[in-house]
Amino acid sequence: MLRRICYKDVMIGPTTGSMRIIGLAGWSGSGKTTLVAKVLPRLIARGCRVSTIKHAHHGFDLDQPGKDSFMHRVAGATEVVISSAKRFAILHELRDEAEWDLPDLLSKLAPVDLVLVEGFKRDAFPKLEIHRAANGKPLLQPDDPHIVAIACDTALPEAKVPVVDLNDVELIVDVLLKHAAPLQSVVAAMQRA
């Protein structure tokens with residue numbers, strides 16, 4: 001039986017005036033991206049402005065060969081801004097630079113109420129672990145003191161943190177809001193480490 005916890009009195013949003021951060025961590029195939037896609041509309045319905053950061057372990061490409069912006073980047077531009085009436089994107093080529101760390105990436109975001117981070121599971125900030133028994137992978141939680149709860153598809157009586165049903169999206173939103181930490185405090189702690 002999963003333990004049910006409730007955080008209905010959590011206040012976050014335009015009245016708090018402070019960006020907050022929480023992560024979703026888990027092994028590949030655990031359902032992190034699917035869960036992010038489910039919680040985003042619910043967070044927005046509660047009045048939160050939300051941004052996301054997703055870590056990719058391998059190279060990725062947002063651009064398409066043959067497009068003008070692709071040609072700019074391949075020709076050597078450090079940054080390419082693609083803009084339209086609906087959105088803009090900035091593609092920054094690291095070339096020989098080191099990969100940016102989470103505080104560097106967070107500094108590029110416009111102010112919002114909540115930042116959801118998918119990945120960066122080794123970084124020191126509050127995280128909800130996403131765990132599926134069928135993956136056959138061990139829990140991250142015993143080794144990561146920053147995991148504040150686990151969303152799982154099975155009971156975990158040995159867990160030292162609250163466990164919520166992976167399919168209870170409203171409860172997961174409550175957990176995310178309750179445990180999201182002030183961004184400035186998290187970044188300051190990361191920079192001190």
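A few notes on this one:
- The requirement of being of a type outside the set (Gly, Ala, Ser) and out of contact with any helix residue (DSSP H, G or I) (no Cβ under 9 Å at 6 or more places or on another chain) is satisfied by residue 157.
- When 122, 192, 95 are checked against the criterion of being surrounded by fewer than 13 Cβ atoms within 10 Å (Cβ to Cβ) and within 14 Å of the chain's Cα centre (by Cα), 122 stands alone in meeting it.
- Hey, residue 155 surrounded by 13 or more Cβ atoms within 10 Å (Cβ to Cβ), more than 25 Å from residue 137 (Cβ to Cβ) and touching a residue at least 24 places away in the same chain (Cβ under 8 Å) or not: no
- Only one entry in 50, 80 is over 15 Å from residue 175 (Cα atoms), over 15 Å from the mean Cα position of the chain (by Cα) and surrounded by 15 or more Cβ atoms within 10 Å (Cβ to Cβ), namely 80.
- Only a single item in (1) outside any loop (DSSP other than H, G, I, E, B); (2) modelled with pLDDT under 85; (3) surrounded by 11 or more Cβ atoms within 10 Å (Cβ to Cβ) is not met by residue 90, and it is number (3).
- Taking the listed residues 120, 125, the one that is on the phi > 0 side of the Ramachandran plot, in contact (Cβ under 8 Å) with a residue 40 or more places away in the chain and touching a helix residue (DSSP H, G or I) at 6+ places or on another chain (Cβ under 7 Å) is 120, with no other qualifying.
- Members of the range 158-180 found to be in a loop (DSSP other than H, G, I, E, B), surrounded by 16 or more Cβ atoms within 10 Å (Cβ to Cβ) and more than 15 Å from the chain's Cα centre (by Cα), listed by number: 159, 161, 162, 166
The values are calculated or read from the model by the stated rules, or taken from the named source; none is laboratory data. It should be emphasised that the depicted structure is a prediction, and the values quoted were computed from it without experimental measurement. With ideal geometry, Cβ positions are generated from the backbone for all residues, glycine too; neighbour counts draw on all protein chains shown.
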